[in-house]
Every structure is written in structure tokens, then in C-alpha cells.
1. Can you pull a Stokes-Einstein diffusion coefficient for the chain at 37 °C (0.692 mPa s), Rh from Kirkwood over Cα pairs, as a whole number of µm²/s?
2. Between rounded, prolate and oblate, where does segment 9-131 land on the alpha carbon gyration tensor, with a ≥ b ≥ c its root eigenvalues, rounded for a/c under 1.5, else prolate if a/b exceeds b/c?
3. Based solely on its DSSP helices, what 222 nm [θ] is calculated for the chain when runs of n ≥ 4 H residues each add -39,500 (n - 2.57) and the sum is averaged over all residues, nearest 500 deg cm²/dmol?
4. Mind checking the dipole of the chain: about its Cα centre, +1 per Lys or Arg Cβ, -1 per Asp or Glu Cβ, Debye to the nearest 20?
5. Name the aspartates and glutamates eligible as straight-distance cross-link partners of LYS209: C-alpha to C-alpha under 13 Å, and not fewer than 8 places from it in the same chain.
6. With both bridge residues required to lie in the chain, what share of the DSSP beta bridges run antiparallel, to the nearest 5%?
7. Counting DSSP beta bridges in segment 38-130, what percent are antiparallel, to the nearest 5?
8. I'd like to check one number: the per residue accessible area of the chain, probe 1.4 Å, reported in Å² as a whole number.
Amino acid sequence: MSFTEKFVKQCRKPSGRFGKFVARAMNFGHTGIRRWGLSHTSINPDAIILDIGCGGGKTVQEMALRTPDGKVYGIDYSEDMVQLSKKVNEFFIKKGLVEVRYGTVSSMPFADNTFDLVTAFESYYFWPNLIDDLKEIKRVLKPDGTLIIANEVYKDDKFEKRNTKWAKLIDMQLHTPDEYKEFLSEAGYRFVEIDKISQKNWITATAIK
Ligand SMILES: C[S@@+](CC[C@H](N)C(=O)[O-])C[C@H]1O[C@@H](n2cnc3c(N)ncnc32)[C@H](O)[C@@H]1O
């Protein structure tokens, strides 16, 4: 297996020393998608936010910088990512501004109507029951809360060869922009907007509870 294949295979559930290396690389490599995705919403200083599939914790950290009167939670189903996110966010955790928990998107350890904003960067590809998982996110969002899903890959003929190779390698689900709209509506979100950067194959879905 090539280094690139070994690297990509870690993206589903990074673990071990190499997984932590990959997650740190993603912390850096996902700067563009993170900033573009977050540009689709405003973040109040007192916002309560959840990042699902927080990986190496950089998105949690960037959002914590913007919420001095709020709190940012991260959740991941890889124990090693929980550990790494905690390390990366040690400063904010000590100040009580960040909390990182182990858990899966399908059943989250949070009460109903908790969050103003829920984000998921490069994570939805791996969720086991998309519609039910989106309903679970809706449960923890406050009324009028926002969900942002941002990904560097979506189903598009222009990128089919590359995307099919990756999807097979790590069993990744991909959808067209219309399908994003359909599954978010089916999960019960009342406002759904899709934005794309077609030449890069990037997508951001914004949905309001
Ligand atoms: C490609 S990495 C992206 C990490 C980070 N969001 C970033 O942008 O760098 C995907 C992350 O989602 C997590 N993940 C995948 N499926 C998950 C699930 N069902 N529940 C919680 N976390 C999940 C993985 O463990 C991994 O840390």
C-alpha cells in the first residue's frame, strides 16, 4: 500500500501514532475548508457549539477563540482523537471554554436543545445512518440553531475517477448537492442551503432547525 493510501485510510477513524500524525496534518490541511465552511454562519461570542468528528481539534480551537463567553464541545468516536483534541485545546479546556467527549454522532451525550451551532467538517462521509444521524443532530440543536456540514468531496462527474477510488478505499458515502438538500429536508430541517466551489469539488450545506 502506498503512503497516500495508508494516509487516506486513516481518515475514517484515525488511531495510533500514525492516526495522530494524519490528524495533525488534517488540522493544517483543512484550514481552507474550515474557514470557508464557517464563513456561512455568524458566531456570537456567547455561542454554545458542537463540532462532530472533531479529529485533531483545530476547528474546536478556532471556534473557541471566537466564543470567549460561550463554550465549544468536540465529539469523536476515536479515543485517540479525543485524546489529541484535548491536548490541542488544553489551554481552553483549563479555562472551561472547551470540552471534548468520546461518542458517536448516532447517539450523542447531550441534552435536547443544547447548541446554537453544530459543525461537521469532513466527517459525514462515515456516518452510519445518515437521516437518523441528522435527526440526532437536530435533537441537540436549539430551535433556530444552525448545522454546517462542509466537505472537500461531493459526488460530481468531473471528479468521478478520483472520488470513486477514495470512496472504495475508505468506504466513504458521497452525495450530489441535490441529495444533500433532500436528506437534510427529510431529516426535518426547515431551511437548507447548499453552496459549492465546483472547480475544487467543495460543498457546504447550511441547515436550520
Ligand atoms: C477526515 S477526519 C476529519 C477531522 C476534522 N473534522 C478535520 O476537519 O480535520 C473525520 C473524523 O470524523 C470522525 N468520525 C467519523 N465517523 C464518526 C461518527 N460516526 N461519530 C463521531 N465521529 C466520527 C473520525 O474519527 C475522524 O476524526
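The values are calculated or read from the model by the stated rules, or taken from the named source; none is laboratory data. Everything quoted here is computed from the prediction, not taken from an experiment. Methodologically, a virtual Cβ is constructed for each residue, glycine included, from the backbone with ideal geometry; neighbour enumeration extends over all protein chains shown. Just the protein is used for accessible areas: all its heavy atoms, side chains included, with ligands, DNA and RNA removed. Shrake-Rupley method; radii C 1.70, N 1.55, O 1.52, S 1.80 Å.
1. Here the translational diffusion coefficient equals 192 µm²/s.
2. rounded
3. Helix-only estimate at 222 nm: -11500 deg cm²/dmol.
4. 780
5. List returned: ASP112, ASP116, GLU136, ASP144, GLU186, GLU193.
6. Looking only at bridges with both residues in the chain, the antiparallel portion is about 40 percent.
7. 5
8. 48
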